[in-house]
Amino acid sequence: MADWNSKKEFVALDLGTANIIAYLGGQGIIYNEPSTMAYSTKTNEVLFVGESAYDMIGKTNEDIRMVVPLVDGVISDMDAAKDLIKIIFQRIKVGEVLKNALVVLACPSGVTELERSALRQVVSDMGAKHVLIEEEVKLSAIGAGINIDLPQGNLVLDIGGGTTDVAIIASGDIVISRSLKAAGNSFDEEIRKYIRSEYNVLIGDKTAEQIKKEIGSLAKLDNSRTFRAFGRDVISGLPREVIVTPEEIRNALLAPFSKITDLIVEVMESTPEELAGDIIKNGITICGGGALLRGIDQYFSSIFQLPVRCAKDPLLTVIEGAKQYEKRIDDWFEIASIRDKNEHKF
């Protein structure tokens, strides 16, 4: 049994498709890097993780294999996911902390129960006894400032790197949720496809992401802002430069955003009548990296004629939501203590 009188610790881990963020109570965010890993093809050992691995994308040789453990909101490589969690915990040196800590793991909604159990086991094997796994969209809602415990319906749109989640949350939990594989990574892919079809030039994933961040928008911008992209000419095979405008990128992004719009409509159509009335008043809250896209609030507001707001710090809403568990950690440990005592009765 745990020593309930010792200092209670808190650890939160946001397992995102694009980034992994670790939070340690009393210290704040102590890890925030891309969910990218580089393995040796000869020894299968991890060579680099995070920023150092991300910088190698598209620039490796045959001796290095690049891996992203979470793709499109699901764990594509469980062994790599386990390696990454272990490396993060070792790097931030929380081994001793885990012995009497509450660990909250935030996972995409597409993660299966089997995968959740496997992730819980990885953290448990490192010394953590108390592990909670919550859906990202729920924690995002809390982190965005929504009081989910109230008997009121709130529509949350969480646009991450691999998936977009739409959820109606009320009375402390998710009432309805749907997920779609149209998110940050697919936005990048649409930009790549557009430049190939329009200019016969192939660009890399990182270049497409940079274009999205610098001139991507769902609202009309000044076309004097352009982006100089470098890639490979499809016909000649030689390096080539193209100049793209915000209007071009906006048109390229309309296709995936029409799918997100359809998903929101689907969720709304399944929402109970009383909660639907709340949505009219409370509107839509946008979280995740997609909330950083310029004009996204005006875009959805014009379509649904509802108030739309973007979370103050959309990339950190999951961690901010998880931190609410830290505020009630004494209550949580008291419940766990009672449960443990009952389990050890003869």
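Which residue is surrounded by the most Cβ atoms within 10 Å (Cβ to Cβ), if the candidates are limited to segment 33-67 and must be modelled with pLDDT under 90 and under 23 Å from the mean Cα position of the chain (by Cα)?
At the first step, the residues of segment 33-67 found to be modelled with pLDDT under 90 are 57-60.
Subset that is under 23 Å from the mean Cα position of the chain (by Cα): 57-58.
Values: ILE57: 16, GLY58: 10.
Only one residue fits best here, namely ILE57.
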### Task
Residue by residue through segment 94-137, note down the ones that are assigned to a strand (DSSP E or B), of a type in the set (Gly, Ala, Ser) and within 18 Å of the chain's Cα centre (by Cα).
ALA106
### Query
Taking segment 167-188, which residues are over 14 Å from PRO256 (Cβ atoms) and of a type in the set (A, V, I, L, M)?
ALA167, ILE168, ILE169, ALA170, ILE174, VAL175, ILE176
### Query
Taking segment 53-93 as the search range and keeping residues that are touching a strand residue (DSSP E or B) at 6+ places or on another chain (Cβ under 8 Å) and of a type in the set (S, T, N, Q), which one is nearest to GLN121 (Cα to Cα)?
SER76
### Query
Somewhere in segment 199-208, is a residue assigned to a helix (DSSP H, G or I), free of Cβ contacts under 8 Å to residues at least 60 places away in the same chain and closer than 23 Å to ILE303 by Cβ?
no
#### Entry: Some residue of segment 226-239 being without any contact (Cβ under 8 Å) to a residue 24 or more places away in the chain, in a helix (DSSP H, G or I) and either more than 25 Å from LEU180 (Cβ to Cβ) or not aliphatic (A, V, I, L, M) (or both)
no
### Message
Quick test of your reading of the structure: PHE333 fulfils all but one of (1) over 17 Å from ALA106 (Cα atoms); (2) buried (at least 19 other Cβ atoms within 10 Å of the Cβ); (3) in contact with a Lys or Arg (Cβ under 9 Å, 6 or more places away or on another chain). Name the failing condition by number.
### Response
(2)
### Per-region count, segment 90-109, residues under 22 Å from ALA167 (Cβ atoms) and either crowded, with 21+ Cβ neighbours inside 10 Å or not assigned by TED's automatic domain parsing to the domain that holds TRP332 (or both)
5
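With SER186, SER177 as the choices, which residue is under 30 Å from GLY231 (Cβ atoms), modelled with pLDDT under 95 and either under 17 Å from the mean Cα position of the chain (by Cα) or part of a loop (DSSP other than H, G, I, E, B) (or both)?
Within the list SER186, SER177, the selection yields SER186.
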### Task
With the checklist (1) surrounded by fewer than 21 Cβ atoms within 10 Å (Cβ to Cβ); (2) under 20 Å from ASP297 (Cα atoms) in hand, flag the one item GLY184 doesn't pass.
(1)
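Residues of segment 138-149 being among the polar types (S, T, N, Q) and part of a loop (DSSP other than H, G, I, E, B), which ones?
Of everything in segment 138-149, just one residue is among the polar types (S, T, N, Q) and part of a loop (DSSP other than H, G, I, E, B), namely ASN147.
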### Search result, residues across segment 240-271 that are assigned to a loop (DSSP other than H, G, I, E, B) and either under 22 Å from GLN298 (Cβ atoms) or of a type in the set (A, V, I, L, M, F, W, C) (or both)
THR245
### Summary
Note on segment 272-284: residues surrounded by fewer than 17 Cβ atoms within 10 Å (Cβ to Cβ) and part of a helix (DSSP H, G or I) are GLU273, GLU274, ALA276, GLY277, ILE280, LYS281
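The values are calculated or read from the model by the stated rules, or taken from the named source; none is laboratory data. Here the structure is a predicted model, which is why all the values come from computation and not from measurement. No Cβ is skipped: glycine too gets one built from the backbone with ideal geometry, and neighbour counts run over all protein chains shown.
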